[in-house]
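Taking it in order: structure first as structure tokens, then the write-up.
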Amino acid sequence: MRFLGYVPSYAVAVSIALVILAARALSMSTPATALLALCVALSPLTAGMHGVGSIDHHFAEYMIILALMASALWWMREPDSRLAGVSTALVLGFGPAIHNGLFVLQALLLICIGFLWLRGDTVRRRSASVFALVLVVSTLAVLVPSLPFREGRFEYYLLSWFHLYVACCTAAFVVAFSWIVPR
């Protein structure tokens with residue numbers, strides 16, 4: 001129990017590292033990145049979520065959101081990178097394992113990719129295809145142990161076929177954005 005009580009506190013380093021990765025993906029200067037990392041480290045939000053004994057899903061949700069931000073920004077910066085697409089898909093696919101409502105993060109990614117598409121800058125076909133495959137497979141890996149999924153139920157509040165449906169729709173839209181050229 002002593003170890004578990006300190007897990008959220010040790011996760012502060014991961015949160016700060018994810019913020020630094022996002023800052024680097026945005027091409028922020030080193031002083032600005034250091035200031036951002038310091039602000040996150042000293043934030044009352046960070047202290048509250050990463051406090052000793054604060055074992056709940058909120059610090060993990062926070063880290064999933066930071067991981068999505070870092071990986072998606074990396075992918076948008078390097079649209080050819082299959083590794084960036086895979087990391088983004090893994091974060092989105094495993095997100096519902098932390099909280100079933102984290103599927104909604106897929107909508108944020110679609111909005112960003114949609115804006116890039118309207119601008120004429122899309123993710124590349126191979127990268128989008130790999131993203132789609134990894135998203136569906138990682139979502140399936142999270143859903144297989146779920147009883148509602150195995151019973152064939154389609155529910156919002158439990159891990160079910162609904163989450164696979166959302167992942168498949170996200171995968172299809174990302175692939176479509178990579179194939180259809182905006183006018």
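Side notes on the structure shown:
- Tally of residues being of a type in the set (V, I, T) and open to solvent by 40 Å² or more (accessible area, probe 1.4 Å) across the range 136-174: 2
- Flag if R124 is more than 29 Å from L159 (Cβ to Cβ), basic (K, R) and more than 10 Å from the chain's Cα centre (by Cα): yes
- Within the range 22-45, being farther than 29 Å from G85 by Cβ and in contact (Cβ under 8 Å) with a residue 24 or more places away in the chain holds for one residue alone: A41.
- Filter pass, V14 being part of a helix (DSSP H, G or I), surrounded by fewer than 18 Cβ atoms within 10 Å (Cβ to Cβ) and in contact with a helix residue (DSSP H, G or I) (Cβ under 9 Å, 6 or more places away or on another chain): yes
- Residue pairs whose Cβ atoms lie under 6 Å apart, sitting 6 or more positions apart in sequence or on different chains, and linking a residue in the range 159-176 that is within 12 Å of F131 (Cβ to Cβ) to a partner that is surrounded by fewer than 19 Cβ atoms within 10 Å (Cβ to Cβ), are A167/V136; A171/V136; F173/L110.
The values are calculated or read from the model by the stated rules, or taken from the named source; none is laboratory data. Because the structure is a prediction, the values reported are computed rather than measured. Methodologically, a virtual Cβ is constructed for each residue, glycine included, from the backbone with ideal geometry; neighbour enumeration extends over all protein chains shown. Remember, those area values only see protein heavy atoms, side chains included, never the ligands or the DNA or RNA. Shrake-Rupley method; radii C 1.70, N 1.55, O 1.52, S 1.80 Å.
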